[in-house]
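Visitor: Can you read through this structure? Questions will come right after.
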Amino acid sequence: MNILLIGYGKMGKAIEAIALQRGHTIVGKIDNKEQLLRFDGNADVAIEFTQPEAAISNLRYCFDRKLPVVCGTTGWLEHAKELELECRNKGGALLYSSNFSLGVNLFFKLNETLALLMKPYTDYSVSIDETHHTQKKDAPSGTAITLAEGIIKNQPLKKNWTLNGTTAAANIEQSVVITSHRIDPVPGTHTVSYRSAIDDIQITHTAHSRHGFALGAVLVAEWLKGKTGVFKMDDFLGF
């Protein structure tokens, strides 16, 4: 399979190493918009890990060329609906995830199940704590937002999430508070906590390296090749 890497930072290099191990060919390593516009190779799929401000134009580049694209960039989801519609209208293929680690996606399901179990027990307050390396530009992480959305979906008293408790005090009980830390060299740690006066319940996912993210992205790219439409990790995992 011919893979176009859009974004050749630490994640791009980790993805390259795994893709080569799995017998794929890297036909382009893109670091900026000008390089992308000059690319004239033959790719079966693109894997996009860049920055929020670049992701939208990168995705549109792929849609215009009907190039299936796996996107791991976070921080652009306010534009998700319009980009998903554009992808479908142009006959493209997109699978976006805040995290491609198979372990994290199992953690997402565990989080939703725990949220449902805790629904009747309103004495517990729920919060999320996430830590990443200092090169991660957006906060909270996309993974933390996905965790918060999983809680909100299963607990009607929660209406939204807030970063570092910035929601007005009157509405804080309706919010899932996310606290973000940026500490090197942490690849990513997420903890969901339920606290009461009697006890605490916590679940944690700790990434030890980028390997899990990179492997997941390559596996998804293999699956996405030749497809059209907009997909989620649940489609890939068969949940």
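Visitor: If you check every pair at least six apart or on different chains, which have Cβ atoms under 7 Å apart with a residue in segment 109-129 that is assigned by TED's automatic domain parsing to the domain that holds Q174 first and a residue that is aromatic (F, W, Y) and modelled with pLDDT of 95 or more second?
Guide: M118/Y124; M118/Y194; Y124/Y194; V126/Y194
Visitor: Looking at segment 76-97, is at least one residue without any contact (Cβ under 8 Å) to a residue 60 or more places away in the chain, in contact with a Phe, Trp or Tyr (Cβ under 8 Å, 6 or more places away or on another chain), buried (at least 23 other Cβ atoms within 10 Å of the Cβ) and within 30 Å of T25 (Cβ to Cβ)?
Guide: no
Visitor: How many residues, within segment 150-171, are assigned to a helix (DSSP H, G or I) and modelled with pLDDT under 95?
Guide: Of the residues in that region, 3 qualify.
Visitor: Quick check, is I145 in the same structural domain as L116 (by TED's automatic domain parsing), crowded, with 18+ Cβ neighbours inside 10 Å, touching a residue at least 60 places away in the same chain (Cβ under 8 Å) and under 30 Å from A93 (Cα atoms)?
Guide: yes
Visitor: Restricting attention to segment 101-116, does a residue exist that is out of contact with any helix residue (DSSP H, G or I) (no Cβ under 8 Å at 6 or more places or on another chain), hydroxyl-bearing (S, T, Y) and exposed (fewer than 14 other Cβ atoms within 10 Å of the Cβ)?
Guide: yes
Visitor: State the number of residues belonging to segment 15-34 that are closer than 27 Å to H133 by Cβ and modelled with pLDDT of 95 or more.
Guide: So the count comes out to 13.
Visitor: Going through H190, H181 one at a time, which residue ends up being part of a strand (DSSP E or B), crowded, with 22+ Cβ neighbours inside 10 Å, not basic (K, R) and not assigned by TED's automatic domain parsing to the domain that holds G72?
Guide: Within the list H190, H181, the selection yields H190.
Visitor: Name the one entry in G216, G226 that is modelled with pLDDT of 95 or more and either outside any loop (DSSP other than H, G, I, E, B) or closer than 21 Å to N111 by Cα (or both).
Guide: Sole residue among the options that is modelled with pLDDT of 95 or more and either outside any loop (DSSP other than H, G, I, E, B) or closer than 21 Å to N111 by Cα (or both): G216.
The values are calculated or read from the model by the stated rules, or taken from the named source; none is laboratory data. Everything numeric here is computed off the predicted structure, so don't read it as measured data. Every residue, glycine as well, gets a Cβ built from its backbone with ideal geometry; the counts of neighbours run over all protein chains shown.
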